[in-house]
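Beneath this line is the structure, given in structure tokens, with notes to follow.
The values are calculated or read from the model by the stated rules, or taken from the named source; none is laboratory data. A quick note: this is a predicted structure, and the numbers were derived from the prediction, not measured. Glycine gets a Cβ as well: all are built from the backbone with ideal geometry, and neighbour counts include every protein chain shown. Please note that ligands, DNA and RNA were not included when accessible areas were found on the heavy atoms of the full protein model with its side chains. Shrake-Rupley method; radii C 1.70, N 1.55, O 1.52, S 1.80 Å.
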Amino acid sequence: MNRFLLPLGIFVALVALLGAGLKLNPRLVPSPLIGKSVPEFSLPRLADQGTTLSQSDLIGKVTLINVWATWCVGCREEHPLLVRLAEEGQVPIYGLNYKDDRAEALRWLARYGNPYVASAYDADGTVGIDLGVYGLPETFVVGPDGVIAYKHIGPVTAEVWRDKMRPVLESLRQSSG
Amino acid sequence: MRQVPLAPVVACLWLILLAPACGALELRQFASPQQERQFHALIAELRCLVCQNQSLADSDADLAKDLRREVHTMINDGKSNEDIVEFMVARYGDFVLYRPPLKLSTLMLWVGPFALGLIALIALIRQIRHRRAVAPEPSQLTDDERARLDALIDRHH
């Protein structure tokens, strides 16, 4: 009987390891920017080309940065939730319009609602690269000090908001007093 | 038997062979052949995060095009391989490298297969030894049986 215990034990351990692995999404790339400051940027605003949006505009309050584009299907999916969050005043949301057509983007917002305090227009995606963007939509939770606390890849759903993002937001607000 | 038309077959073969090269044909200027070599070496070692099984050299994805442009710009600025790798890893993490660095977090990745192989080998050796140890002794034959055995063997010689 003892002879079987060791191989059985190794087998069970392997199954547990592989089983845990099956639950993970292999395409998810964890962001190395968690805990780092939002990289410096200065981009024209989507709506008002003359004005700029920069990372300093995010300082002083907890914010979300939502990377979006009209060509992104997932962005369309999560948009109603973002609009609702903005209407409820849950958190200021800043948009990063990534590699998009400005006119199309403005039309899109007019049609589906605009949850953003302001959107920055990242025409060639360089600010996106600085943020480690690889698959829209991506949403960052940023603390009042400008430090990235959390990044979500993919559409923000009610569950994601409730279980992942809102707790981070609340703890950031509590610790900042 | 009908003759197989050769020309179309050869043309198809060429297309198939060249297909990977056609993926990323972009014209780029470099200050020197070393820089061009540096570029090609680097983009082969960096992963495309959209098509995650392709390198930046092979991938057609938009992000790959943008990152190739970035690498090109950095090389023209005279940045070293370390600088460029650091740039990519700072934004995308270790996953962007085809050769993950040996760190505590990647130890399982590097060592895991060998460790498992070693465990399997040890188990196998122990199993063989165990079998040998408990193998029954060849039983002694009686004289009668030995005589019959010899006769049988002799008969078949």
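State which stretch of chain B is the longest one without any exposed trypsin sites (Lys or Arg not before Pro), exposure meaning a DSSP loop state and at most 11 other Cβ atoms within 10 Å.
Within chain B, the longest run free of exposed trypsin sites (Lys or Arg not before Pro) spans B:3-102.
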(request) Of the DSSP beta bridges with both residues in the protein assembly as shown, give the percent that are antiparallel, rounding to the nearest 5. (result) 60
(request) Relative to the longest principal axis of the C-alpha atoms of chain A, give the angle of the C-alpha long axis of helix A:166-176, reported between 0 and 90° and rounded to the nearest 10°. (result) 70
(request) With a 1.4 Å probe and every protein chain kept in, tell me what percent of the accessible surface of chain B is carbon plus sulfur. (result) 63
(request) With a 1.4 Å probe on protein heavy atoms only, work out how much accessible surface A and B bury together, total over both chains, in Å² to the nearest 100. (result) 1600
(message) Rounded to the nearest percent, how much of the accessible area of chain A (1.4 Å probe, protein heavy atoms only) is carbon and sulfur?
(response) 59
(message) Threshold 30 Å², probe 1.4 Å: give the residues of the stretch A:21-39, in number order, that are less accessible with all protein chains present than with their chain alone.
(response) A:R27, A:V29, A:P32
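Hey, what D do you get for the stretch B:1-115 in µm²/s if you plug the Kirkwood alpha-carbon radius into Stokes-Einstein at 25 °C and 0.890 mPa s? Display every interim value, and only then the final one.
Numbers: Rh = 16.4 Å.
Using the Kirkwood radius from Cα pairs, D works out to 149 µm²/s.
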(request) Round to the nearest 10 and give me the degree value, 0 to 90, for the angle of helix A:102-112's Cα axis relative to the longest principal axis of chain A. (result) 70
(request) Grab the DSSP H runs of the protein assembly as shown that are 4 residues or longer, score each as -39,500 (n - 2.57), total them, divide by all residues and round the 222 nm result to the nearest 500 deg cm²/dmol. (result) -16000 deg cm²/dmol
(message) Rounding to the nearest 10 and keeping the result within 0 to 90°, find how far the Cα-based axis of helix B:33-45 lies from the longest principal axis of chain B.
(response) 50
(request) Would you mind classifying the protein assembly as shown by shape? Square roots of the alpha carbon gyration tensor eigenvalues, ordered a ≥ b ≥ c; an a/c under 1.5 is rounded, otherwise it is prolate if a/b is larger than b/c and oblate if not. (result) prolate
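Taking only C-alpha pairs under 8 Å that are 6+ residues apart, what is the relative contact order of chain B in percent? Numbers along the way, then the final one.
Values: 83 pairs, mean separation 23.4, N = 157.
Result for chain B is 15 percent.
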(message) Keeping all protein chains in the complex and leaving out DNA, RNA and ligands, what accessible area do you get for A:Y116 with a 1.4 Å probe, in Å² to the nearest 10?
(response) 20
(message) To check you understand DSSP bridge types, tell me what percent of the beta bridges within chain A (both residues inside) are antiparallel, rounded to 5.
(response) 60
(message) Report, in listed order, any pair from A:K61/B:K79; A:K23/B:K103; A:K99/A:K164; A:K36/B:K103; A:K36/B:K79; A:K164/B:K103 with a Cα-Cα distance greater than 32 Å.
(response) A:K61/B:K79
(message) Where in chain A is the longest stretch that carries no trypsin sites (Lys or Arg not before Pro) classed as loop by DSSP and with at most 16 other Cβ atoms within 10 Å?
(response) A:62-177
(request) Before anything else, pin down the relative contact order of chain A: Cα pairs under 8 Å, at least 6 apart, normalised by residue count, whole percent. (result) 27
(request) Counting only heavy atoms of the protein chains, get the accessible area per residue of the protein assembly as shown (1.4 Å probe) and round it to a whole Å² value. (result) 63
(message) Can you tell me the length gained on complete extension of the stretch A:I34 to A:E87, counting 0.36 nm per residue apart and subtracting the Cα distance?
(response) 16.3 nm
